[in-house]
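Enquirer: I am attaching a structure below and will ask some questions about it afterwards.
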Amino acid sequence: MAGRINDDDVKAVRDAVPIDAVVSEYLQLRNAGGGNLKGLCPFHDEKSPSFHVSPAKGLYHCFGCQEGGDTVDFIMKLDHLSFAETIERLASQAGITLRYEEGGYTPGRQQGERTRLVEAHKAAAQFYVDQLDGTEAEIARKFLAGRGFDQSAAQHFGVGYSPAGWDHLTRFLRGRGFSDQELVLSGLSQEGRRGPIDRFRGRLMWPIRDIAGEVVGFGARKLRDDDNGPKYLNTPETPIYRKSQVLYGIDLAKKEIAKTSRAVVVEGYTDVMACHLSGVTTAIATCGTSFGEGHIKILRRLLMDHSGSEVVFTFDGDAAGQKAALRAFEDDQKFAAETSIAITPGGMDPCDLRLAQGDQAVADLVESRTPLFEFALRHVASRHNLDTTVGRAAALDEAAPIVARIKNSSIQHESAVQLAGMLGILDTQFVVRRVSQLARWARERGREGGGPGQGRPPRRGQAAPPEQAPSAPAPRGPALNLRSPARRVERELLKLALQRPDLVSPAFDAYGADEFTAPPYAVVRQCIEEAGGATAGAADQSYIPRVREAAPDDTVRALVTELAVEPLLTRRDPDEAYAGVQLATVRIAAVDARIADLEGAARRCEAQGDHAGSAAMLQELWVLQQYGKTLRERGAAAL
C-alpha cells in the first residue's frame, strides 16, 4: 500500500508555491484591485474575466461557474490529478523532498500514475537529447542543418534522436525503475513479440510539452527510406497526452502571447522553430491534428481574449492550406480576438521561407497578415461566375453571412460595401441591408439561446423554420439569493471577517450564528468560530485553511472560498470605520428582528392572560429598544 505523505510536508508545499505563480502558467492574470488578480476561467468558457485569484489568501474563485479552492484544488481539477500526484508535482517544482508515512519512501511504488508517466517522459526526453550527439544520429544532425537549425537551436527546443534498435529506450527506462506496464501505458513503448519494444526508432524527436512545461509526448520525423512508417509519428492518446489539448511550443510562447496579446498558429514543429528563431516567439502548432476546440480554450486563456488580441494563422498557399484556413474561419466566432491569415508565398512554409529568404522574411510574413474574413470572402467569390446574375446572387447568399459574423460593427458595414464591389453588385445599399438583416437575426437567436447549428439564416425565398415551443421549466422553490440587498451587509461582514479579520475583531467573535439570516452565512459564521475566530485569524496565516477545513461539506467550503476572494464593496482600502458600519448594521438588523419577535410574543401572552410573562418580555423589549437606539446613534462604538 502506498504511504501517506507527511502532513508537515503537505503544508510546506502549500506554503512554498504561490497560487498566482501556478495559475499564471495556465492563463493570463491582470490586476483586479484590492490585491486580487483576475483572468478568463479555465473551467468554463466566458468572454469577460470572472475568475479571481487572491495571492494573499492562496485561493481562487470563479464568480461565473463557482469553481474555487486553493493551489492544490486548482491543479487537481484542471489537470485531473489525485491529491498525492498534485503534491508531488508541486513539491518537485519547489525543490521539497517529501516524506511518506507507513513504511517510508519507495520511488516508483508510492507515486501517482500521472507523476510516473511524466517522469518517464522527462527521462526519455533527456535520453533522446543525449543520442543526438552519437555517430548514428549524423543523419538527424544533417536533417536539422539542412533546414537551418544548428546545435544551439536543437538544444533550445530539446530536439533529440531515437536509436534505430528495437529496445534501446525501453531498456534504459527499465534501468531507471519503470515497469513494462508503465512504459506501454505512456506510449513510449509498444508490445512486441517478446515483450515491449521502443515505439520510436531511428527518428528525429521533438518533445511535446504541456502549458506547465512538462513533457507529455513526442513528435517523431522519419529520416531513412527504409522506414516504412508515416512521415511524422506522434505519441498515441495516453492518460497524459491528448493531441486535441496540447500545442507544440506553448511552453516557450505563453509568456510572449500573454504580453503581446497575439498568437501565431503554424502547421509543424520546424515551422515553430523557424518562427521563434526569426523573432516570432508567439508561434505554436498543433500536434498531428487540426486546430480545434481544445486549442482555442488554451489560447483564449492566455490572450485574456478580447477585441484587442489577435490570432494569426499561417498556411501554405496550396489547396490544402486554403482548406485549413477555411476550417479555422469556422471557429472565428469562438474568439473575441481578431483572427487573421498569413499565406506563405510560393507554397513555402515558414521553415522553407526562412531558408530561402532569411529571418526577416518570416517576420514580414506575419506582419502582412489579412483578416480571416477577407480571405474567406475572396475564396467564396472565386467559386462563382460573377459575370452572370445567377452567379452573383449565389455568391451573395454564401458571402453575406460571413460579413454578418464580423464582430466589429463598423468593420462589418465597410466590408458589406466592399463585398458589393467585389461581386459587382451595383446596388450597394441592398447588400448592406442584407448583411444587417442577417446580423440582426443572429443576435436575436443568441438572445433566445440558439445553440450551434442554429445560426444559419434562411436563404432568400426559403421559409424560416417553425419556432420550437420552449420546454416547461422544472418546478422549483424560491431561490435563496445570497447577494440580495437584504443580505448584502451580512455578506460584506463575513468577507471582512475572512479577508481582514484585524478590522472586525474582537467584536465579530461576539456575534452569534443566529445574527446571520441566510442559513449558509450562519454556517460560515460557525466555521469561523471553530477555526478560532477572527481575533485568532488576524495573526495566523493558516486561518483561511482552518476555516475551509471546518466546513461541513464542499458547498460551504466553496462559499468560504468565494467570500475570501470576492472584492469588498468599498472602492477604497477598507478601514476600521468601514468595518464598523458593517458590524453595526448587522447587529441593528438582528436587534430589530428580536424586537419584532418579542412584540408578537408579548401580545400573545397578554391575550392568554399570562401577565407575568408579558411583563418580562416587555422589560427585555425596552432594553433592546434602548440598545438599538444607541447603536443607531453611536454605531460600532456601542457594540
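Enquirer: Please work out which one of (1) in contact with a Lys or Arg (Cβ under 8 Å, 6 or more places away or on another chain); (2) of a type in the set (S, T, N, Q); (3) not in a helix (DSSP H, G or I) is the condition Thr570 fails and give its number.
Expert: (1)
Enquirer: Just checking, does region 27-42 include any residue being closer than 23 Å to Leu98 by Cα and touching a helix residue (DSSP H, G or I) at 6+ places or on another chain (Cβ under 9 Å)? Give the steps one after another, and end with the answer.
Expert: Step one: of region 27-42, the residues closer than 23 Å to Leu98 by Cα are none.
Taking every residue of region 27-42 in turn, none turns out to be closer than 23 Å to Leu98 by Cα and touching a helix residue (DSSP H, G or I) at 6+ places or on another chain (Cβ under 9 Å).
Enquirer: Is it true that Gln582 is free of Cβ contacts under 8 Å to residues at least 12 places away in the same chain and either loosely packed, with under 15 Cβ neighbours inside 10 Å or in contact with a helix residue (DSSP H, G or I) (Cβ under 6 Å, 6 or more places away or on another chain) (or both)?
Expert: Values: free of Cβ contacts under 8 Å to residues at least 12 places away in the same chain: no; either loosely packed, with under 15 Cβ neighbours inside 10 Å or in contact with a helix residue (DSSP H, G or I) (Cβ under 6 Å, 6 or more places away or on another chain) (or both): yes.
No: the conditions fail for Gln582.
Enquirer: In addition: Here are the criteria: (1) of a type in the set (Val, Ile, Thr); (2) crowded, with 18+ Cβ neighbours inside 10 Å; (3) free of Cβ contacts under 8 Å to residues at least 60 places away in the same chain. Tell me which single one Thr570 does not satisfy.
Expert: Against the list (1) of a type in the set (Val, Ile, Thr); (2) crowded, with 18+ Cβ neighbours inside 10 Å; (3) free of Cβ contacts under 8 Å to residues at least 60 places away in the same chain, Thr570 comes up short only on (2).
Enquirer: Consider Val432 carefully, then state whether it is more than 30 Å from Phe143 (Cβ to Cβ), of a type in the set (A, V, I, L, M, F, W, C) and crowded, with 16+ Cβ neighbours inside 10 Å.
Expert: Details: more than 30 Å from Phe143 (Cβ to Cβ): yes; of a type in the set (A, V, I, L, M, F, W, C): yes; crowded, with 16+ Cβ neighbours inside 10 Å: yes.
Here the answer is yes, as Val432 does meet what is asked.
Enquirer: A further question follows. Among the candidates Gln582, Gln619, Gln625, single out the residue that is in a helix (DSSP H, G or I), within 46 Å of the chain's Cα centre (by Cα) and at pLDDT 85 or above.
Expert: The unique qualifying residue is Gln582.
Enquirer: Of all the residues that make up region 129-153, how many are under 16 Å from Leu353 (Cα atoms) and surrounded by 17 or more Cβ atoms within 10 Å (Cβ to Cβ)?
Expert: Initially, region 129-153 is screened for residues under 16 Å from Leu353 (Cα atoms), giving 144-149.
From the residues that got through so far, the ones that are surrounded by 17 or more Cβ atoms within 10 Å (Cβ to Cβ) too are 144, 148-149.
The qualifying residues number 3.
Enquirer: Working only within region 46-67, note down all residues that are of a type in the set (S, T, N, Q) and crowded, with 21+ Cβ neighbours inside 10 Å.
Expert: Narrowing region 46-67 to residues of a type in the set (S, T, N, Q): 48, 50, 54, 66.
Correct list: Ser54 only.
Enquirer: Is there any pair linking a residue in region 354-371 that is over 8 Å from Ser278 (Cβ atoms) and assigned by TED's automatic domain parsing to the domain that holds Val265 to one that is assigned to a helix (DSSP H, G or I) and among the polar types (S, T, N, Q), with Cβ under 9 Å and at least six apart or on different chains, and which?
Expert: Asp364/Gln357; Pro371/Ser415
Enquirer: Report, ordered by the first and then the second residue, all pairs with beta carbons closer than 6 Å, sequence separation of six or more or different chains, a first member in region 505-528 that is among the basic types (Lys, Arg), and a second member that is part of a helix (DSSP H, G or I).
Expert: Every condition considered, the pairs that remain are Arg525/Ala513.
Enquirer: Still on this structure, please answer the following. I need a count of the residues in region 215-240 that are in a loop (DSSP other than H, G, I, E, B), of a type in the set (Lys, Arg) and touching a residue at least 12 places away in the same chain (Cβ under 8 Å).
Expert: Kept after step one, since they are in a loop (DSSP other than H, G, I, E, B), are these residues of region 215-240: 223-231, 235-240.
Okay, now just the ones that are also of a type in the set (Lys, Arg), so 224, 231.
If we keep only those that are touching a residue at least 12 places away in the same chain (Cβ under 8 Å) too, we end up with 224.
So the count comes out to 1.
Condition check ((1) farther than 30 Å from Gly308 by Cβ; (2) surrounded by fewer than 21 Cβ atoms within 10 Å (Cβ to Cβ)) across all residues:
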{"position": "Val216", "(1), (2)": "yes, no"}
{"position": "Gly219", "(1), (2)": "yes, no"}
{"position": "Arg224", "(1), (2)": "yes, yes"}
{"position": "Asp227", "(1), (2)": "yes, yes"}
{"position": "Glu237", "(1), (2)": "yes, yes"}
{"position": "Ala253", "(1), (2)": "no, no"}
{"position": "Thr260", "(1), (2)": "no, yes"}
{"position": "Val265", "(1), (2)": "no, no"}
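Enquirer: So, one more: Do we have Val547 as crowded, with 20+ Cβ neighbours inside 10 Å, modelled with pLDDT of 90 or more, at negative phi and not aromatic (Phe, Trp, Tyr) here?
Expert: Numbers: crowded, with 20+ Cβ neighbours inside 10 Å: yes; modelled with pLDDT of 90 or more: yes; at negative phi: yes; not aromatic (Phe, Trp, Tyr): yes.
Yes, satisfied.
Enquirer: Could you please give the count of residues in region 337-364 that are under 30 Å from Ser409 (Cβ atoms) and outside any strand (DSSP E or B)? Step through it out loud before you land on a result.
Expert: To start, the set of residues in region 337-364 that are under 30 Å from Ser409 (Cβ atoms) comprises 337-343.
Checking which are outside any strand (DSSP E or B) leaves us with 337.
The total comes to 1.
The values are calculated or read from the model by the stated rules, or taken from the named source; none is laboratory data. The structure presented is a predicted model; accordingly, all values stated were derived computationally and were not measured. Ideal geometry is used to build each Cβ from the backbone, glycine not excepted, and the neighbour counts take in all protein chains shown.
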